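See below for the structure under consideration.
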Amino acid sequence: MSAATTRSRTPDRLCAEAVDLARAAAEEAAAPGVVGEHVGLESEGDRVVTHFFECKELGYRGWRWAVTVARASRAKLVTLDEVVLLPGPDALLAPEWVPWSERLRPGDMGPGDLLPTDAEDLRLEPGYSGEEEPVPSSAVSEEMAELVEAEDAEVTAAAPANLPVAPTRGSIAAVAEELGMRRARVLSRYGLHVAADRWEESYGAKTPMAQAAPASCVSCGFLQPIGGSLGQAFGVCANEFSPADGRVVSLAYGCGGHSEAAVMPKPPQPAPPVIDETRVDPFPLRPAPDSGSVPAVSDGEAADLGHS
């Protein structure tokens with residue numbers, strides 16, 4: 001350790017004794033009655049010392065008045081350097097400022113709120129209408145424009161998003177709109193991965209609901225498939241009794257509302273009765289004429305036989 005380092009750590013005696021000078025400077029800079037007791041000093045270098053005084057100002061709990069004094073080499077007169085209010089170790093400080101774009105959280109937007117996206121947002125990449133010329137991989141690239149020109153079709157001079165009216169049928173913009181490529185920007189690969197990670201965390205295989213589920217969503221009849229590359233791993237739940245109804249769920253997610261996990265059995269059919277007590281047997285009020293042992297004869301035939 002050098003001699004200069006040793007001298008800088010040892011407070012200068014005359015500067016350390018200039019407590020009254022430091023207090024007077026702090027009281028002059030502060031409001032009356034807010035400078036408290038002397039709470040210490042600190043050596044800032046050769047013949048430079050900072051005195052600390054308690055701050056009694058409301059709202060500045062733990063802050064200290066810092067008064068720095070110094071003297072020239074071989075001089076016996078201590079002079080004032082600066083007076084400033086600094087936070088102490090236990091000071092109450094405001095949280096670190098965070099830009100609004102980093103403070104925003106999902107669910108913070110309300111009706112009428114606008115959320116602008118950065119022009120260099122990594123989640124997005126230019127679509128067809130984001131540039132004057134389509135991307136080389138686009139279906140309406142320069143090769144397609146040459147084909148349209150050969151077919152005497154109309155080629156619009158601007159992107160579809162900038163057109164005042166709907167694109168004319170047969171134009172490049174009309175083809176782009178029909179193919180779903182009229183958006184100025186589309187999801188980039190990074191944006192797809194970020195969305196997939198977010199959905200997997202909320203409704204994925206590692207959630208407590210999925211861990212206790214009897215089966216996964218990939219075999220559920222309530223799963224509605226989605227298009228695009230995300231459809232290989234996600235779908236939309238359409239079970240109104242599921243906690244994920246209307247949400248994008250992972251195919252590995254699951255819940256107790258699985259369509260095939262607990263199929264309700266059909267009610268049992270009773271066995272046919274030995275004696276059918278539910279059927280009504282009709283009985284005539286008078287016996288049939290031919291039901292007796294004596295054959296039935298008419299009145300005329302009975303008179304011929306002498307019967308009365």
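The values are calculated or read from the model by the stated rules, or taken from the named source; none is laboratory data. Given the structure is predicted, the values throughout are model-derived calculations rather than measurements. These area figures cover heavy atoms from the full protein model, side chains too; ligands, DNA and RNA do not enter into them. Shrake-Rupley method; radii C 1.70, N 1.55, O 1.52, S 1.80 Å.
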*Taking amide hydrogens as modeled 1.01 Å from N in the peptide plane, which residues meet the under 5 Å criterion relative to L85, leaving out close sequence neighbours?*
A66
*On the protein heavy atoms, probe 1.4 angstrom, tell me the percent of accessible surface of the stretch 19-90 carried by carbon and sulfur.*
50
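Can you give the convex hull volume per residue for the Cα atoms of the stretch 63-105, as a whole number of Å³? Could the numbers behind the result be given before it?
On the way: hull volume 5.2 nm³, N = 43.
About 121 Å³ per residue, rounded to a whole number.
Using alpha carbons only, what's the Rg to Rh ratio of the stretch 10-63 with Rh from Kirkwood? Can you show the working numbers first?
Working: Rg = 11.9 Å, Rh = 11.8 Å.
Radius of gyration over Kirkwood radius for the stretch 10-63 works out to 1.01.
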*Three principal axis extents, largest first, for the C-alpha atoms of the stretch 1-99, in Å?*
45, 33, 22
*Can you list residues whose amide H is under 5 Å from L124's amide H, if they're 5+ apart or on another chain and H is modeled 1.01 Å from N?*
S188
*When the Karplus curve 6.51 cos²θ - 1.76 cosθ + 1.60 is applied with θ = phi - 60°, which whole-Hz ³J(HN,Hα) does each residue of the stretch 218-234 get, with x for Gly and Pro?*
5, 10, 8, x, 8, 7, 9, x, 10, x, x, 5, 5, x, 6, 10, 9
*Residue-by-residue Karplus 3J(HN,Hα) for the stretch 11-17, coefficients 6.51, -1.76, 1.60, Hz, glycine and proline x*: x, 5, 5, 5, 5, 5, 7
*Sequence-distant or interchain residues sharing an amide H contact under 5 Å with R185, placed H: which?*
G127
